[in-house]
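Visitor: There's a structure below that I have some questions on.
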C-alpha cells in the first residue's frame, strides 16, 4: 500500500533582529601620530608581543615623536581577570595620558 504523504509547512524565522543600538559617530581621528601616546591592549592569545614590536617600529619610522604604552601595563583583556582589567581601563588610559589604542586579539 502506498504511503500517503502529507504536505508539511514550517514557520520561517529571520535570525536578525531590530537594531538595539543607534549608530554613533566615529571618534575624532588624529591628523598625525606625532606626539600621540598609543596604548597597546592584548588578550595574550596569539603573538601580540611580536606584532606590537613590528607595529611600533614601523610607526616610529613614520612618526618619530609617537609614544607607546606597553600591553604589560594593562594585563590581558581576555583572562580570568578580564572584568577587572576592562573596568580599570578608562582610569588607566586617563592616568597614562593615552590618546589612542591599538587592541590586538588572537583567534
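Rule-based calculations on the coordinates, nothing more; no lab input. All of these numbers come straight from a predicted model, not from anything done at the bench.
Visitor: At 0.36 nm per residue, minus the direct Cα-Cα distance, what do residue 37 and residue 49 gain on full extension? Give it in nm, one decimal, please.
Guide: Between residue 37 and residue 49, full extension yields an extra 2.5 nm.
Visitor: Stretch residue 80-residue 62 to full length: gain in nm at 0.36 nm per residue minus the Cα-Cα span?
Guide: Full-extension gain reported as 2.8 nm.
Visitor: If you don't mind, there's one more thing I want to ask. So what are region 37-104's ellipsoid semi-axes, whole angstrom, largest first, if each one is the square root of 5 times an eigenvalue of the alpha-carbon gyration tensor?
Guide: 21, 15, 6
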